């Protein structure tokens with residue numbers, strides 16, 4: 001497959017299906033906690049005393065969460081510049097949603 005064929009294939013598939021939104025298109029459970037993201041772009045900071053810092057675009061600590069998966073979820077969700085996000089309380093559900101989303105992103109490139 002040439003580069004041009006690859007681009008045309010994905011342009012047509014994405015325009016037919018649309019790009020999925022995270023987390024709304026991946027979230028299944030109703031057992032969630034709500035977080036205020038205030039339409040900020042976030043990134044994962046350092047682990048600090050067993051908690052992960054989530055930083056805003058200026059590098060200021062915006063939030064601290066208990067584990068890396070929670071931090072990752074909130075960073076992915078912040079890419080849509082949303083005000084609030086629901087995050088599953090179950091670590092198994094959280095792990096599944098992240099795996100499904102990352103698999104989806106990989107499928108866009110492969």
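Within region 49-81, being part of a loop (DSSP other than H, G, I, E, B) and either within 11 Å of residue 23 (Cβ to Cβ) or within 15 Å of the chain's Cα centre (by Cα) (or both) holds for 67, 79, 80, 81. For region 70-99, residues that are buried (at least 16 other Cβ atoms within 10 Å of the Cβ), farther than 13 Å from residue 43 by Cα and out of contact with any strand residue (DSSP E or B) (no Cβ under 7 Å at 6 or more places or on another chain) total 3. When we screen 98, 108 for residues that are over 15 Å from residue 23 (Cα atoms) and touching a helix residue (DSSP H, G or I) at 6+ places or on another chain (Cβ under 9 Å), the only hit is 108.
Return yes or no: is residue 37 touching a residue at least 40 places away in the same chain (Cβ under 8 Å) and touching a strand residue (DSSP E or B) at 6+ places or on another chain (Cβ under 6 Å)?
Judged against the criteria, residue 37 is a match.
Counting only residues that are in contact (Cβ under 8 Å) with a residue 24 or more places away in the chain, part of a helix (DSSP H, G or I) and within 12 Å of the chain's Cα centre (by Cα), region 82-100 holds 5 of them.
Pairing residues of region 67-81 that are in contact (Cβ under 8 Å) with a residue 60 or more places away in the chain with residues that are surrounded by fewer than 21 Cβ atoms within 10 Å (Cβ to Cβ), at Cβ distances under 6 Å and at least 6 apart in sequence or on separate chains, gives no pairs at all. Taken over region 30-48, the criterion of being in a loop (DSSP other than H, G, I, E, B) and over 20 Å from residue 91 (Cβ atoms) is satisfied by 37, 38, 39, 40, 41. The numbered conditions (1) surrounded by 18 or more Cβ atoms within 10 Å (Cβ to Cβ); (2) touching a helix residue (DSSP H, G or I) at 6+ places or on another chain (Cβ under 6 Å); (3) over 30 Å from residue 7 (Cβ atoms) are all true for residue 29 except (1). Report yes if some residue within region 3-14 is part of a loop (DSSP other than H, G, I, E, B) and surrounded by fewer than 16 Cβ atoms within 10 Å (Cβ to Cβ); otherwise report no. No, region 3-14 contains no residue that is part of a loop (DSSP other than H, G, I, E, B) and surrounded by fewer than 16 Cβ atoms within 10 Å (Cβ to Cβ).
FYI, it's all coordinate maths here, none of it is from the lab. Quick caveat, the model's predicted, so the values are computed rather than measured. Cβ sites come from the backbone with ideal geometry, for glycine too, and all protein chains shown count toward neighbours.
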